[in-house]
Amino acid sequence: MRANPESDPDVPSAFARIAWLSLVWVLLSTGCASVSPWNQRFVRVETPNFVVTSSFGEDAARALARDLETFHAGALYALGLPPDARLPERTRVMAFDDRGFGRPFATRGEAASLVPAVDAPILTILAPGTFAERVNADVRQRYARRLLRALSKERPPLWYAEGRAQVAGTIRVSGTVAEIGRIHPEHARATADWKRVGLADAFDVTRLDDRSRASRREFEAASWALVHTILFDSPRKADGRRALERVRVAFESGRPGALSSAVAALGARRALAERVWTHVGSKTHRVDRVQVAGFEPGTIALRSLSPGEAREALARLALDLGRPALALEYFERALEPRDEDVEAGRAVALFRLERVEEARRVVANLQWDLVSPERSVELELARARADAEAREESLARVLAILERADPARGAAARAWLELARLLERARERVTPAGEGITAARCLARAQAVGTGALEVDLVAAELDAREGRGRAAAFEAREVVSRSHDAKLRERARVYLESAD
């Protein structure tokens, strides 16, 4: 045995080995991924409502696709929407292991999140597991709210939108069967004290921007309790669905007094509160079930992605997350030779990183006969051009692309919205064929698509604020803060709300 371990040259290496073994143990115990996302093997599954890109294996991808379609059918039922209703674009789903160092794709540290992209929502699942294990109630509710906004002709009352989304958040998926109507334990406890929260007063709430987080939670609980009671406290499910259908028809009609009459028909407020209290406190509750046909995992078609395709998909996710440096890293890891779409994406990432000269060199090599609304390179080029004449040429090309595109597609909505923002900020007017194209007209084109993205309302607030229409800007911003559950979106909207106030 050595008497002086401090002078022993082997001691540091022994400590290093211990440290390394400790690190390995931590990584294993926390479930960190051992393979970086760019080296994971991906497959793609396409269904009527989803495009699933997954690295969790073929069986898991098919099962996830089936569960998503089952949940979608259950959500439509919970929202009172037709069973064949669809968003303008299919929801993109990215499922892969992002538990390594840094978690570059993570949002708020959650295993799953819903990115509120303009063209279509993006569901990210960043750890292995089933739909039930990874997609929590909050993500399900966000998807349901997006469906309701996109598929409603007019904005639903806040209590109606929130209550129906909260019911959708508790859907249980079992194979091809969605079970709707399970009790929300937290909300049930909150509404047990219904006299304090003024349960039926939820009908009168038209804004939530001035409420604390606790107050918003009370409103969510009250809305859930009202909608759940109306739908499920009768043994005949047609009764509750009919009552809420009258409310939907009323708010979509826009007729003065129609909504208040439909709400009054639900019952006197004190009696309705008693009805809710009795229903929520009951030990037994009715649930409804919806079955989806044709989505057994073995029947779902699937294809493997090449490494280049997988890295491109990850790069586009990074762009949608607002992480251009990460996007550029993945675009550049796509295998040579890169195709036009990859090069276009690389140029967008470079523009957003303000590496303008590099981006222009990439653009110079692109073949523009394949342009589409999905490729926003021309918009980025227009932003970067200081020369007014060159910028107008780029904007004219963008307009030509959009005029050829399918006007009902979500990708067109995203491009029109970006063009509206660019025109307003630049205070420019593009005049192809002698017809003026303004920011307001571009915004209207984006609104007409109806993707349900609150980003559209936020741009409307921005345009109103720049034109000095303070009240209109405040209204649009208030709607975003009241209806969004995305902290970043609410924070951006408050800028226009506070300036107008």
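The values are calculated or read from the model by the stated rules, or taken from the named source; none is laboratory data. Just so it is clear, the structure is predicted and the values come from calculations on it, not from any experiment. Cβ atoms come from the backbone with ideal geometry, glycine included; neighbour counts cover every protein chain shown.
Per-residue answers, yes or no, for (1) under 16 Å from Arg483 (Cβ atoms); (2) at pLDDT below 95; (3) of a type in the set (Asp, Glu):
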site	(1), (2), (3)
Arg164	yes, no, no
Gly169	yes, no, no
Glu179	no, no, yes
Leu208	yes, no, no
Arg213	yes, yes, no
Arg236	no, yes, no
Val247	no, no, no
Arg255	no, yes, no
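Kindly check whether there is at least one residue in segment 107-117 that is assigned to a helix (DSSP H, G or I), in contact (Cβ under 8 Å) with a residue 24 or more places away in the chain and surrounded by fewer than 18 Cβ atoms within 10 Å (Cβ to Cβ). No: zero hits. Might you let me know whether segment 329-349 holds any residue that is modelled with pLDDT of 85 or more, touching a helix residue (DSSP H, G or I) at 6+ places or on another chain (Cβ under 7 Å), buried (at least 17 other Cβ atoms within 10 Å of the Cβ) and of a type in the set (Phe, Trp, Tyr)? Yes, the conditions are met somewhere in segment 329-349. Taken over segment 170-195, the criterion of being crowded, with 17+ Cβ neighbours inside 10 Å and either of a type in the set (Phe, Trp, Tyr) or over 19 Å from Asp233 (Cβ atoms) (or both) is satisfied by Val173, Thr176, Ala178, Trp194. The test for being over 28 Å from Arg490 (Cα atoms) and assigned to a helix (DSSP H, G or I) does not hold for Trp224. For segment 422-471, the candidate set comprises residues that are out of contact with any Ser or Thr (no Cβ under 8 Å at 6 or more places or on another chain), among the basic types (Lys, Arg) and at pLDDT below 85; within that set, the residue that is nearest to Arg383 (Cα to Cα) is Arg425. Scanning segment 453-476 for residues that are of a type outside the set (A, V, I, L, M, F, W, C) and not in a helix (DSSP H, G or I) turns up Glu467, Gly468, Arg469.
Leu305 - would you say it is farther than 25 Å from Ala382 by Cβ, at pLDDT 90 or above and of a type in the set (A, V, I, L, M, F, W, C)? Yes; evaluated as a whole, the condition is true for this residue. Is it true that some residue in segment 261-278 is among the β-branched types (Val, Ile, Thr) and more than 16 Å from His184 (Cβ to Cβ)? Looking through segment 261-278, at least one residue is among the β-branched types (Val, Ile, Thr) and more than 16 Å from His184 (Cβ to Cβ).
Of the residues contained in segment 227-250, one or more are found to be part of a loop (DSSP other than H, G, I, E, B) and among the basic types (Lys, Arg). The residue list Val348, Val362, Val292 contains one member that is of a type in the set (A, V, I, L, M) and farther than 26 Å from Asn39 by Cα, which is Val292.
Listed here are the residues, each with its yes/no results for (1) at pLDDT 95 or above; (2) of a type in the set (D, E, K, R); (3) more than 30 Å from Asp288 (Cα to Cα); (4) surrounded by 19 or more Cβ atoms within 10 Å (Cβ to Cβ).
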| residue | (1), (2), (3), (4) |
| --- | --- |
| Ile18 | no, no, yes, no |
| Val24 | no, no, yes, no |
| Arg41 | yes, yes, yes, no |
| Arg99 | no, yes, yes, no |
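For Glu218, the conditions (1) within 30 Å of Gly298 (Cβ to Cβ); (2) crowded, with 18+ Cβ neighbours inside 10 Å; (3) of a type in the set (D, E, K, R) all hold with the exception of (1). Scanning segment 283-298 for residues that are in a loop (DSSP other than H, G, I, E, B), in contact (Cβ under 8 Å) with a residue 40 or more places away in the chain and not aliphatic (A, V, I, L, M) returns His285, Arg286, Phe295, Glu296. Looking across segment 296-328 at every residue that is of a type in the set (Asp, Glu) and farther than 13 Å from Pro37 by Cβ, the one that is surrounded by the fewest Cβ atoms within 10 Å (Cβ to Cβ) is identified as Glu296. Of everything in segment 200-225, what is in contact (Cβ under 8 Å) with a residue 24 or more places away in the chain and in contact with a Leu (Cβ under 7 Å, 6 or more places away or on another chain)? Give them in sequence order. Across segment 200-225, the qualifying residues are Ala200, Ala202, Val205, Thr206, Leu208, Asp209, Phe219, Ala222, Ala225. Look at segment 137-176 and say how many of its residues are under 14 Å from the mean Cα position of the chain (by Cα) and polar (S, T, N, Q). Qualifying residue count for the region: 1.
Which condition does Leu335 not pass, out of (1) farther than 30 Å from Glu179 by Cα; (2) assigned to a helix (DSSP H, G or I), if it passes all the others? Among (1) farther than 30 Å from Glu179 by Cα; (2) assigned to a helix (DSSP H, G or I), Leu335 violates only (2). Mind checking whether some residue in segment 89-96 is at pLDDT 95 or above, part of a loop (DSSP other than H, G, I, E, B) and surrounded by fewer than 20 Cβ atoms within 10 Å (Cβ to Cβ)? Within segment 89-96, one or more residues are at pLDDT 95 or above, part of a loop (DSSP other than H, G, I, E, B) and surrounded by fewer than 20 Cβ atoms within 10 Å (Cβ to Cβ).
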